[in-house]
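Asker: My structure is below; once you've seen it, I'll send some questions.
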Amino acid sequence: MISEVVIYGEINKVKYKTKHSELINEEELEYKETELTELYEYCKFCIFPDHTMVISSKSKFDSDEFLKIFLNLFRKNCTELISRLELHYIRDEEDIFKIIKSFKKMTYVQIHEIRKSNPDPKPTFEKIEKFLDEENTDVYSAEFISESDIGLNRSFTSHIMSAISLAGAGYGECKFSGVNEEGESISIDTRENIVQARIGRTDRDEPRDFIKIVIKRFHKYIKIEIRL
């Protein structure tokens, strides 16, 4: 069974006062214009005890819009619980490092609004998180450019690679560019590396079915064991 500590919810998006033609006389086929509030789209989500949240994303209600609405609702209704809540996308860090390793040289890195990890720092975060502590800063953005034949430092102990690792794990945004062995220029934006998977349609009256599929698809990113 799925533990009861997994929270399931939905956020509905509606169209207010949409005009509809209402039949008021069947014999003479007489209609009148009526304004109704109707469901436009909805997104499902579930929250696990390690604070991992999985959300559905649709063309009419995408993940960015969902997070904006969710944060707004939380802050308005849970002011007594927490003064500050932040949500960050989880990304596949391994793929990012494989790409960088394949470069002949890395020429450009832009880091945008990275912050310290919580609650599970990785060894690769140490360099940049120590810098954040020493400078007493909560948010850090920077840009690095190299026109040399060597390119930017790609050592895993470097300030730059540590920041990329932190951004790649979801604690900020990062764009970087490099040149491969064939001389081709390659650019990567970590926002395009968000962990996602296709989930089939499930009955809204059976939220456990949605949770079960989510656990199967994303179990490697959930830091606690959930038994089905």
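Asker: Could you tell me which residue of region 88-120 is nearest to T137 (Cα to Cα), considering only residues that are at pLDDT below 80 and outside any helix (DSSP H, G or I)?
Answerer: N118
Asker: Which of the residues that make up region 136-146 are exposed (fewer than 14 other Cβ atoms within 10 Å of the Cβ) and not hydrophobic (A, V, I, L, M, F, W, C)?
Answerer: N136, T137, D138, S141, E143
Asker: Still on this structure, please answer the following. When only residues in region 121-135 that are free of Cβ contacts under 8 Å to residues at least 40 places away in the same chain and not in a helix (DSSP H, G or I) count, which is surrounded by the fewest Cβ atoms within 10 Å (Cβ to Cβ)?
Answerer: Restricting attention to region 121-135, the residues satisfying the condition of being free of Cβ contacts under 8 Å to residues at least 40 places away in the same chain are 121, 123, 126-135.
Checking which are not in a helix (DSSP H, G or I) leaves us with 121, 135.
Numbers: P121: 14, E135: 9.
Ranking the candidates gives E135 first.
Asker: On to the next question. Go through (1) within 27 Å of T52 (Cβ to Cβ); (2) part of a loop (DSSP other than H, G, I, E, B); (3) in contact with a Lys or Arg (Cβ under 8 Å, 6 or more places away or on another chain) for S165 and report which single condition fails.
Answerer: Only one criterion in (1) within 27 Å of T52 (Cβ to Cβ); (2) part of a loop (DSSP other than H, G, I, E, B); (3) in contact with a Lys or Arg (Cβ under 8 Å, 6 or more places away or on another chain) is unmet by S165, namely (2).
Asker: Looking only at region 168-183, filter to residues that are in a loop (DSSP other than H, G, I, E, B) and not acidic (D, E); which one of those is nearest to the chain's Cα centre (by Cα)? Step through it out loud before you land on a result.
Answerer: At the first step, the residues of region 168-183 found to be in a loop (DSSP other than H, G, I, E, B) are 169-172, 181-183.
Next, from what is left, pick out any that are not acidic (D, E): 169-172, 183.
Values: A169: 10, G170: 7, Y171: 10, G172: 10, G183: 32 Å.
Per the criteria, the residue is G170.
Asker: Is it fair to say I100 is within 21 Å of E192 (Cβ to Cβ) and outside the structural domain of L71 (by TED's automatic domain parsing)? Spell out how you get there, then give the answer.
Answerer: Values: within 21 Å of E192 (Cβ to Cβ): yes; outside the structural domain of L71 (by TED's automatic domain parsing): yes.
Taking the combined requirement at face value, the residue satisfies it.
Asker: Follow-up question, since we're still on this one. Only one of D149, D189 is touching a residue at least 24 places away in the same chain (Cβ under 8 Å), within 16 Å of Y108 (Cα to Cα), touching a strand residue (DSSP E or B) at 6+ places or on another chain (Cβ under 9 Å) and exposed (fewer than 14 other Cβ atoms within 10 Å of the Cβ); which? Give the derivation first.
Answerer: Working: D189 fails: touching a residue at least 24 places away in the same chain (Cβ under 8 Å).
Checking each option against the conditions leaves just D149.
Asker: Kindly provide the set of residues from region 149-167 that are of a type in the set (A, V, I, L, M, F, W, C) and more than 20 Å from the chain's Cα centre (by Cα), ordered by number. It would help to see each step written out before you state the result.
Answerer: So the first thing to find is which residues in region 149-167 are of a type in the set (A, V, I, L, M, F, W, C), and the list is 150, 152, 156, 160-161, 163-164, 166-167.
Once the filter is applied, which keeps residues that are of a type in the set (A, V, I, L, M, F, W, C) and more than 20 Å from the chain's Cα centre (by Cα), region 149-167 yields I150, L152, F156, I160, M161.
Asker: Further question: So, in region 197-221, of the ones that are more than 21 Å from the chain's Cα centre (by Cα) and not in a loop (DSSP other than H, G, I, E, B), which residue ends up surrounded by the most Cβ atoms within 10 Å (Cβ to Cβ)?
Answerer: P207
The values are calculated or read from the model by the stated rules, or taken from the named source; none is laboratory data. The shown structure was predicted, so the numbers you read here are calculated from the model rather than taken from an experiment. Cβ coordinates were reconstructed from backbone atoms using ideal geometry, including for glycine residues, and neighbour counts include every protein chain displayed.
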